Amino acid sequence: MRFVHLTDIHLEPAKALDAAPERRASYQEPAPGLFRCIRAIHDLSPKPQFLITGGDHVMDALEATPESATAQWELYSRTIKAATHLPIYPIVGNHDIFGWMNQTVPETASGYGKAMAMRYLDLERSSYSFDKGLWHFVVLDNIARRGVGYCGALADEQLAWLEKDLAEAGNRPTVLLTHIPILSVCATQFLDPSANVTFWQIPHVFVQTDSQPVVNLINRHNIPLAISGHIHMCERIEYKKTTYVCNGSVCGSWWRGAFKTFAPGFGVFDLSDDGTFEYHYVAY
Ligand SMILES: [Fe+2]
């Protein structure tokens, strides 16, 4: 069973762009960058059965005005519907959330918080699960509100929900999907030449801050694969019986080419009935 995980698309209407010609060329309406990505996905052999969009579908709704957030979501919705008929399972990303970082937007505004993203992505809940073949898939929303912004964390009720969901899945091999990585190396300063190496720091917006109980749960279940995005860089971490894949991004460096040498692309996952999988990254 093959699926594609495409994440961090960061689509934005052309009129909101700066004057740099390479950016205009990248995503003027109707978003040729995303069309090119989807075309490469359709050209895969064998073809994927479904897509998982890993979050940050739009450039940024967190700080946007209501008009800009709506325009970004309208463009995303229109583009993805025109580009593909494959089934899509979406994950809400931090930049998909409307108003949390714009204090001129009242909380009573239509679509405030995650509501706008969930409406355009056709989601009833931001954490949910589904089965495909012998496999179980869990989408876990790990973006929590903190101050005038967000951090990588679970809301209180989610850990209990995850525990119950995994218990119900029994011994089915499971894929756990989040936007923000549960574990990551690329999100640290290890590879950052400007880092202060006397005291490593990992911002609370880069990696999930309350990973420990989730990792403990993962270790007690049959979860060969955990997938995230958010960092725009590719890595796979083997810890105990689970591979944590952080996938590269569709937009690379926000449509300005590769991000820290990681080219724009998507992840292709091939799952076998015996609970094993293969992953490769396609730079489209
Ligand atoms: Fe993100």
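A short reminder: the numbers here are calculations on the coordinates, not readings from a lab. Nothing here was measured: the structure is a model prediction, and the numbers come from that model. Here the Cβ is made from the backbone with ideal geometry for all residues, glycine too, and neighbour counts use every protein chain on show.
Key figures for this structure:
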| read-out | value |
| --- | --- |
| Once the Cα gyration tensor of the range 72-123 is diagonalised, semi-axes √(5λ) in Å | 24, 10, 9 |
| Ratio of Rg to Rh over the chain (Cα coordinates, Kirkwood Rh, two decimals) | 0.95 |
| 20 Å Cα-Cα reach of K132 towards lysines, excluding residues that sit fewer than 8 places from it in its own chain | K47, K164 |
| Residue-averaged 222 nm ellipticity for the chain, from DSSP H runs of 4+ at -39500 (n - 2.57), nearest 500 | -7000 deg cm²/dmol |
| Interchain or long-range residues, amide H under 5 Å from L225's placed H | T174, L176, T243 |
| Distance between the range 58-120 and the range 177-215 - C-alpha centres, whole angstrom | 26 Å |
| Nitroxide proxy distance, nm - points 7 Å out along Cα→Cβ at L159 and T276 | 3.5 nm |
| Three-way shape label, the range 141-284, alpha-carbon gyration tensor, a/c 1.5 | oblate |
| Inverse mean reciprocal Cα-Cα distance (Kirkwood Rh) of the range 97-174, Å | 14.3 Å |
